[in-house]
Amino acid sequence: MHVISKKKLREFSAKYSDSEPALSAWNQVARKAKWQHINDVKSLYPSTDAVGNFTVFNIRGNKYRLIVSIDYEAQVIYIKYILTHAEYGSGTWKNDPYFK
């Protein structure tokens, strides 16, 4: 899969340094993946959820949430948001026009 944009991973890791190992590991796995469906994702990341048009990954023991849009046919992952648990819980990310 092609991951867009790794810059968001770097920026979040700079702000929350404890997230860096988990985000880096996720990025390495995602880049090598050939996911065709959410079930393929869940086989590696069982706690992953499909929420609206997004896929939500729990990062670092559910401390952070990585919200992406996956185009399985094009093999592209678009990183939409990386949030703390509290930010995720506020639900404002669901106002994204591509959520539904």
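Across the stretch 2-17, a minimum of one residue is classified as touching a Phe, Trp or Tyr at 6+ places or on another chain (Cβ under 6 Å), surrounded by fewer than 17 Cβ atoms within 10 Å (Cβ to Cβ), in contact (Cβ under 8 Å) with a residue 60 or more places away in the chain and within 20 Å of residue 99 (Cα to Cα). Restricting attention to the stretch 68-100, the residues being without any contact (Cβ under 8 Å) to a residue 60 or more places away in the chain, within 10 Å of residue 56 (Cα to Cα) and either assigned to a loop (DSSP other than H, G, I, E, B) or of a type in the set (Val, Ile, Thr) (or both) number 1.
Check the stretch 23-42 and report whether any residue there is in contact with a Lys or Arg (Cβ under 6 Å, 6 or more places away or on another chain), open to solvent by less than 80 Å² (accessible area, probe 1.4 Å), within 17 Å of residue 62 (Cβ to Cβ) and not aromatic (Phe, Trp, Tyr). No, the conditions are met nowhere in the stretch 23-42.
The values are calculated or read from the model by the stated rules, or taken from the named source; none is laboratory data. Fair warning: this is a prediction, and the values are worked out from it, not measured in the lab. Neighbour counts run over all protein chains shown; Cβ positions are idealised from the backbone, glycine included. The protein model used for the area step is the full one, side chains on, heavy atoms only, and it has no ligands, DNA or RNA in it. Shrake-Rupley method; radii C 1.70, N 1.55, O 1.52, S 1.80 Å.
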